[in-house]
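Below is one structure, written out as structure tokens, with a few remarks after it.
The values are calculated or read from the model by the stated rules, or taken from the named source; none is laboratory data. Please read all numbers here as calculations on a predicted model, not as lab measurements. All Cβ positions, glycine included, derive from the backbone under ideal geometry; neighbour counts span all protein chains shown.
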Amino acid sequence: MSDAIRSLLAYRELIYNLAVRDLRLKYKRSYIGVAWSLLSPLFMTVIYTIAMSFLLRGARIPDRPYFALILSGNLAWSLFTSSAVNSTVSFVHSPNLISRVHFPVESMPIAGVMANFVNYLITLVIYFIAVLVVRLPLGPSLILLPIVVAAQLSFCIGMSLLVATLTVYLRDLEHLVGILMTALFYLSPVLYTLRPQYLPHAAATVLPILKLNPFAWYLETYHSIMYFGDWPSPTMFTAVLISAVIMPILGYSVFLRLRARLPEEV
């Protein structure tokens, strides 16, 4: 694995160029370009805020605007879901590159994640501008934000390698991953927090199950830092750090094990 990592570092300029290519293709012939990366989560945040606050009456957090909770979760979730869904086609839609060109093919899903990560960083800046406008009080826990962001990037890279590789051998994953991420959206604390005081009493029975979801570890940590302004749960934060190490190792191990057969399978 160390040789593979050195190979990736040697081709870091290629990863950069692939990421730039993905960004350009994504916004090609678009009038407002990268602004779509902000408008899409903003639009969905408005919809979810209206639905949860007024129709379902699901949000009652004193002195804190509910839209900021949804936006902080929705931005992080967008990076998770785009990394997972886009990686399903990283290998299967590029058979000529994999079979004829000699370069570290794992750079393809990684470049896709990096392109999505650039979008995420842009939306984070806009989020904090909005936070300043509404005067949402935050705290010293903000010093942990770069660590959590870097951990999520590491997790997404490992996840994309795993999904991209497995999709070559299980083509149904190209469709199943999107369905799975849609289901996990509602089972993950994107639109809500897992803090018991802000949930219906009946939710207490399923909280232990919801907390087993790796996405929940990241989302709840983001909520603590970017919305409540307090320190994240030590358990959640530790789980974030551990998963940020395990997922890349898992993804890379599966890729290296199946790498030799990729050209003939795609």
- If you go through the range 201-213, how many residues are of a type in the set (D, E, K, R) and in a helix (DSSP H, G or I)? 0
- For THR193, indicate whether it is hydroxyl-bearing (Ser, Thr, Tyr), part of a helix (DSSP H, G or I) and more than 17 Å from the chain's Cα centre (by Cα). no
- Note on the structure: Among (1) over 14 Å from the mean Cα position of the chain (by Cα); (2) modelled with pLDDT of 90 or more; (3) assigned to a helix (DSSP H, G or I), GLU174 falls short only on (2)
- Task: Mind checking which helices (runs of 4 or more DSSP H) fall wholly inside the range 24-121 and carry at least 2 residues that are modelled with pLDDT of 85 or more?
- Result: 66-87
- Message: Cβ-Cβ distance below 6 Å, separation of 6 or more or different chains: which pairs start in the range 141-155 with a residue that is touching a residue at least 24 places away in the same chain (Cβ under 8 Å) and end on one that is part of a helix (DSSP H, G or I) and hydroxyl-bearing (Ser, Thr, Tyr)?
- Response: VAL148/THR221; GLN152/TYR218; PHE155/SER243
